[in-house]
1. With A:L359, A:L310 as the choices, which residue is in contact with a helix residue (DSSP H, G or I) (Cβ under 7 Å, 6 or more places away or on another chain) and either without any contact (Cβ under 8 Å) to a residue 40 or more places away in the chain or within 14 Å of chain B (Cβ to nearest Cβ) (or both)?
2. For segment A:149-189, give me each residue that is away from chain B (no Cβ under 13 Å), of a type in the set (A, V, I, L, M) and not in a helix (DSSP H, G or I).
3. Based on this model, can you work out whether A:A8 counts as open to solvent by 30 Å² or more (accessible area, probe 1.4 Å), of a type outside the set (S, T, Y) and out of contact with any Asp or Glu (no Cβ under 9 Å at 6 or more places or on another chain)?
4. Could you run through segment A:127-148 and say how many residues are of a type in the set (S, T, Y), loosely packed, with under 15 Cβ neighbours inside 10 Å and either free of Cβ contacts under 8 Å to residues at least 12 places away in the same chain or not in a strand (DSSP E or B) (or both)?
5. If A:Y75 passes every condition in (1) surrounded by fewer than 21 Cβ atoms within 10 Å (Cβ to Cβ); (2) hydroxyl-bearing (S, T, Y); (3) in contact with a Phe, Trp or Tyr (Cβ under 7 Å, 6 or more places away or on another chain) but one, which one does it miss?
6. Out of B:I176, B:I166, B:I161, B:I88, report the one residue that is under 18 Å from B:A226 (Cα atoms), among the hydrophobic types (A, V, I, L, M, F, W, C), open to solvent by 30 Å² or more (accessible area, probe 1.4 Å) and in contact with a Ser or Thr (Cβ under 8 Å, 6 or more places away or on another chain).
7. Mind checking which residues of segment B:142-177 are of a type in the set (S, T, Y) and within 14 Å of chain A (Cβ to nearest Cβ)?
8. Which members of segment A:325-351 meet the condition of being of a type in the set (G, A, S) and open to solvent by 10 Å² or more (accessible area, probe 1.4 Å)?
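The values are calculated or read from the model by the stated rules, or taken from the named source; none is laboratory data. Please read these numbers as outputs of a predicted model, since none were measured by experiment. We place every Cβ from the backbone using ideal geometry, glycine too, and count neighbours over all the protein chains shown. Accessible surface is based on the protein model in full, side chains and every heavy atom, while ligands, DNA and RNA are left aside. Shrake-Rupley method; radii C 1.70, N 1.55, O 1.52, S 1.80 Å.
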Amino acid sequence: MRAPEELAVWNAIVEAFHAANPNIRVKVEVSDWDSYWDKLKTLYAGGTPPDVFAMDAPLYPDWQSRGVLLNMQPYIDATPGMFDDIYPNTLTAYKRDDGYYGLPRDFQTVVLYYNKDMFDEAQLPYPDESWTYEKLREVAKALTKDVDGDGIIDQFGFSPDLWDMETFWSSALWSHGAEVISEDYSKTLLGEPKAREVWRYIAAMVLEDKSVPTPAVSAEYGGDPFAAGRSAMAMSGHWVVPEYAQLDFAWDVAPMPSGPAGRFTSVNSAGFVIAKDSKNPDAAWEFVKFAVGKEGQQRLTELGFAIPVLKSIAESSTFLEQQSAPIKHQIFLDAMEYARPKPTFAGYEEWASIIGDGLVPVWNDEQDLDSTLDEIVPAADEVLAR
Amino acid sequence: MHAGIKPLGGERWWLVVLLFPTMIGLLFGALGSVLATIVISLLNWDLITPPTWAGFANYTSLLSDTLFLRAMRITVLFSLAYVPGTIILSLLIALLLNRKLFGLSLFRTIYFLPTVSSAVAVGLVWSWIYGRERGLLNYLLSFVGIAPINWLGSQNALWSIVIVNIWGALGTGMVIFLAGLQAIPREYYEAGSLDGAVGWKAFRYITLPLITPSIFFQTIITTVHAFQAFEYVYVLTRTANGASNAPTLVYSIYRNGFNFFRMGTASAQAIVLALMILLLTLCYFWLERRLVVYD
């Protein structure tokens, strides 16, 4: 939830909804993503949860398993063709044996971003679907340099987020035949031999090639050296497009590289859920239906942050020819074909912190990789066992 | 102080009236929160579903909670460095500024500035000072040939945070010590100088004993602050997933309560924290009777 642009769009969606449903009044509240969750929990604790609220797919199991969300299945059954136009890959995260306790409203696939100016200057061809992870490392190294000659690297080849699996390392693991977590979410598989090979590949880029900035250095560029014009490549979802559209250099997107086990990327969604104790479940459902329907999706797409879950809108000019950012938006849709859903399970936030934050000292060259993995994997499994 | 002023007659009535608003706030705000925290610490509560009874499980599980034990260790180390550091440095500054000096009020303002600045804004400035490659501190150190240090990384974050917190507390400490120093009658020094007590001797035998009440007060206040350290820890050491490179107890309470759906555990940790502060304060009062000089 990114105010204030997002508030304006939601108000527009709500206005359209009011026009279509004159008997229902919707009050929109928007806050930034971090404080949103604190606020939501406080509202629940006070016994006044909102009727409809946004949900990040990885956090959905923590909420759904506590039985505080409404099962939408009866409403879905009463709405023929509800799922016909929705990307099936985005629905799986919300599906439970007895139905859906949430529906996706938009989704994100991760792709490779590149700074055209830096490639042009180095006279290197742009990344394309022929790229492998080896090629990525090689080009990243070639594009890493100390421009002003003060002994400090000020142009990095590649700057993925290392703290979260979504933008880089889950795809890298899958492409090398490794796994993040067991299918029943009981065991963290990041310490397995195949996974360790991928960790060593990443560590080599950060610590030997120095083509990937350490988290400490990345933080000095506001956490995004690519946006700061200091990195030739990055991996990210569509959410950065409105911000990047303001950048003063040329950039575009390319498919993810492939590895020995194939080409993979991560797909994750944000959705809508209804509070189980909502006093107006019918009205709440009408709003959810409207938001994931054609009109709501059209408006949401105009915002530019995310990809609509409706195929017909995603494949329309509204998404593919966004005026603000003339890039190859089709690449994000093509990524659906090789995308795996970001793993979602109860205890996700705590697990992700043990792993993601636990590896930061490795990337900062303060701790050994193997002994760190030996320490954090069992700690992460403890969270899964709760 | 022991010899307080006793209110008389109509003054007593005014005393009650004037204290009333504060007492209401304390009673319902502070005391209410304390009671609520005690109750919640005995429950399993994730905030979003009705709580269930847990008994003392939230307390016993702390003994094997590695994150809690780490937070405990960091808080103790933090306090051991922060409390003496703040007291000694702010006393030194107060001594330096307790004289006729050109630009005296300017210096006092400079030292007091951190106290009235927003912790978040100040934290951002410090994050630039502590930067790994573009930071001011590493830049200055490069002139004496010291390789860049990751000040806010997992190995140094605790001490970097101690420095920022001491810096932030100097202003208040200075004011308290200045008040203490200026309350010492000048005649004591004049009499002392006749007996040869000048310089260090004057400080050791006249100043130090007479400011023990200020030192005592400062020790309690900085200890409480040390155990409650949060803002700079949050702004400077938070890692991308919300953990910290120097997680203090209060940070751990915040994480458990709001990020991990464990309000009961968070409350139990808060109670342990409160008990630690209480215990230390009692120790200080015991020491007060032996060491503090009231004239």
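1. Checking each option against the conditions leaves just A:L359.
2. A:A178, A:V180, A:I181, A:L189
3. yes
4. Of the residues in that region, 1 qualify.
5. Looking at each condition in turn, A:Y75 falls short on (1).
6. B:I176
7. B:S142, B:S154, B:S160
8. A:A339, A:A346, A:G347 - these are the residues of segment A:325-351 that are of a type in the set (G, A, S) and open to solvent by 10 Å² or more (accessible area, probe 1.4 Å).
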